[in-house]
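Structure, as structure tokens:
The values are calculated or read from the model by the stated rules, or taken from the named source; none is laboratory data. Since this is a predicted model, take the numbers as computed values, not measurements. As a convention, Cβ positions derive from the backbone with ideal geometry for all residues, glycine included, and neighbour counts pool all protein chains shown. Quick note on the areas: whole protein, heavy atoms, side chains included, nothing else; ligands and nucleic acids left out. Shrake-Rupley method; radii C 1.70, N 1.55, O 1.52, S 1.80 Å.
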Amino acid sequence: MSPPPPPPPPPPPPLCLPSFTRKGRKKQLEEHFDEKSASSRPSYPRSGGSRGSRSSLPGSHRQSNPGSPLARSGSYSPTATVTDAQSRAEITSRAEKLTFTEDTESYNNLPRMAPKLDRSHSKLTRGNTLRNRLGYGWTLGLGRKDRDKEDLFTEVDRSSSATTILPVYPRDALPSFQQEAPQGGPTRHMSQRSKSSQDSKQSKDSRGSKESGESKASKASKTSNLSSGSKRSNNSQRPSLTGSGSVNTLTSSAIGRKDGYEDPIHEYPDTYPRLTELRKLMAKDNLDYYVVPSEDAHQSEYTAEADKRRQWISGFSGSAGQAIISKTAAYLVTDSRYWLQAEKELDENWVLIRAGAPGGPRNWVDWITDRANESKLGIDARMISNEIALQLYPLLQAKKSKLVYPSQNLIDLIWEGKPTRSKNKIYVQPIEYTGKDASKKLIQVRDWIKNYPVSSNGNSPSKGPPPPSQQHVGTLVTTLASIAYVLNLRGDDVPYNPVFVSYLYIGLDRAILFIEQDKVELPVREYLQNLKVETRDYNAIWTFLRTREWGEGKVIIAPQTSYAISLMLTHYRYTVATSIIEEIKSVKNEVEIQGLKRAYIRDGACYVQFLAWLDEKMSKGFQISEWEAAWRLTEFRSKAKNYMGLAYENISAAGPNAALPHYSPLKSDSLFIDKETPYLNDSGGQYRDGTCDTTRTMHFGRPTQEQSEAYTRVLQGHIAIDTAIFPKGTTGVQLDVLARKNLWQDGLNYLHGTGHGVGSFLNVHEGLHGFSSSVPLTRGHVLTNEPGYYKANEFGIRIESVLVVRDVRTKHIDPDQSWLGFERLTCVPIQTRMVLEHMLSKEEKDWLREHNRACLNALENHLKDDKRALKWLRREAERAIGIAPAGPGGVFIDWE
């Protein structure tokens, strides 16, 4: 059911405000996206996002800009050694042109700044709405005296607020803090999501909210300048979140950040002109299709702004999906996590392909091979992995089709104002956090190279030692997290991930780091010299591969290595194998595990402070938006020791938005958290000693029977995974059914994975292990446990904790069999309000009570200065399971 359109300003309390949406006008197509015919095109209804500035019908009035003709540069194609019929002498003569155009762009030209937003109109603020409704208990709103007290707490120092400088990055929904970075210390910033200013203005005008005392007191902050350089050091001090003697309100600096924050401008372009220019370039290469993947040249899940090519051409900002452009149509292939988001963000020039839907393709490879017929499929060879390319070759060959690799990325040729690559400095991750010196890691990698089985290229093995050409002499590491891990270095090139763009070659007697030289300051350069690691320019990797400086022998590459590297090496020069670095990185040593425990204690204390604050505000009738809730949790985390930023974009979702597993709110159009549907918060911080990932689902009223049953089933699956004991050699996918068994009994399910690996101050998604993987679980593996349930357009539920695999002693000891189990790292109580006690077994009830009491014991000392949070924590630890039934006359009373 679609939400109603925005109504006029709400009447005085106690009436409840309705939900607001960004629903725009439906747009009709008069052209059919059919490549076989350009006539008889039916219309397609448009739902979701606003496209006020976009023309709704493709037609002759859309013309490319004649004043800016496109031309190819003369850059040399690294794939010419394989795909072109040229002599070796000609290739050698052109070798010095071995580079990619976009990698040699000028770093002196800054990207165009976003236009200054007009904030003279009314803004969304929370009001002290009375919520005295039968059905979920009696609650008291604020009277006049209470409001006066609240106003006293929200007084701010205008002079200090006016100096707050807010950064704007395109991928983060929350602001970071502006302060000077201490010398010598590493820093992190949080990138921000972007949104159109017009959409923000329309949403604000539709709400008609009155200014509260907080917002009036902080108007001065709106004159602040925008900055892109705000960073955070692990030993720097944040302004206090709470005023002296009170934990109920924000201090002036925090209010200034909140009220002064502006949603970054997210461009919802009319993609027709961009597609038109792209098709002109496709015609020059005689391409039938051109594929634009989400990944960068390192196959990263999260990408830097300069690598968001698929988002630029399509307008879709999700982290997974492939854009496929044909001569007459454009398609976006993505999985179920992003279907609703894609419907809102794609314009009428695109067709959404639902990967994994019943009767649909599994992925974009299935879809393109089904449609291809004597076709030429173009793609940047750096943006497709060796594994996928080799999978595609036979499938396309059977359809008399083939892959083609243009010498330059076609999107880069038409992307005006393309952002430049990051120049942020890299820094050392001390051994007190890593538990192992980088030199020992390099020795471990070299031992693996020497002992890797010799390859004979299909020839029969000869007697005696293998020739030098068949021996392995090195490995080329392209995955950014693996490079950061093995060198004990961290960076700030990619949002949410402390990694840096580079390549790393590890030979038996040398190592070379290919990286922009400006990122390596003298202390880090000396550190690398001590490790005997040479540094070269990032683009020098192509010359290194062409000249084969390692001499005779083979190089080991991972399946995720870009196919451009495979083409440069030729198959006689490389062996594809899972990198040993991935394996040793995923198995945490004891120092890393203890660091993760400390990080989860600190992160759990922040989460409890947030939940206590939110519970109090909801009980008093305040209107709290999804965005404000996410922002407040980040404020609490920002005070914690070793905090370096967010681990991923905050997922703060109420009502129907919680049914979107990857929803992230914007300040301008987020919903208010209500008392009729669950509120879901999935978030985590990056700390120097660990990466955190936690999800809790809360209800602030009286849940329905349907909500309670679904929540209880999800909880049972969560407990089943947490308490599992299994023999060594068991894979995650073999345990996955435990999380779904109770949901399946009621005909419920969830489409995402049950859990993934987690890094140690690295990527939140790490490793080859997880509950969807066939990799055997090993002592030291860290992974999430996150079953859920989502009812489209109504509500969503997910409970997530992080576990570490440990040895387990069983009653019967078998010397030939080892047993494993899980130790829980996450330390946040699980709300019992939605739990139906009669559905739980005795063991499940005991587990729930023990978990919440364990959280109290672990966090009590950390919250002794926050009376509100401590009171809430003790209440949750002692609370009975479920919620009190109705009293006489059907009246519900929640005494707490």
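One table, with the values for the structure above:
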quantity: Cα extents of the stretch 360-478 along the three principal axes, largest first (Å); calculated: 52, 50, 32
quantity: For Cys827, solvent-accessible area (1.4 Å; no DNA, RNA or ligand), Å²; calculated: 10
quantity: Heavy-atom accessible area ranking, 1.4 Å probe, most first, across Leu646, Leu508; calculated: Leu508, Leu646
quantity: For the stretch 270-343 and the stretch 715-785, distance of Cα centres in Å; calculated: 32
quantity: Relative contact order (percent, whole number), the stretch 816-886, Cα cutoff 8 Å, 6+ residue spacing; calculated: 46
quantity: Shape call, the stretch 658-757: gyration tensor on alpha carbons, a/c limit 1.5; calculated: oblate
quantity: Which listed pairs, of Lys639/Lys667; Lys597/Lys842; Lys308/Lys639; Lys440/Lys585, have C-alpha distances above 20 Å, in listed order; calculated: Lys639/Lys667; Lys597/Lys842; Lys308/Lys639
quantity: HN-Hα J in Hz across the stretch 424-439 - Karplus 6.51, -1.76, 1.60, θ = phi - 60°, x for Gly and Pro; calculated: 5, 6, 9, 8, 8, 8, x, 5, 4, 9, 8, x, 8, 6, 4, 4
quantity: Peptide ranges 309-316, 560-567 listed from the most packed, as the mean C-beta count within 10 angstrom indicates; calculated: 309-316, 560-567
quantity: Sequence ranges 482-495, 347-360, ranked by mean other-Cβ count within 10 angstrom, highest first; calculated: 482-495, 347-360
quantity: Share of carbon and sulfur in the accessible heavy-atom surface of the stretch 272-377 [1.4 Å probe, %]; calculated: 47
quantity: Cut-off under 5 Å, modelled amide H: who pairs with Met644 long-range; calculated: Gln686, Tyr687, Arg688
quantity: Solvent-accessible area per residue for the stretch 758-896 (1.4 angstrom probe, square angstrom); calculated: 48
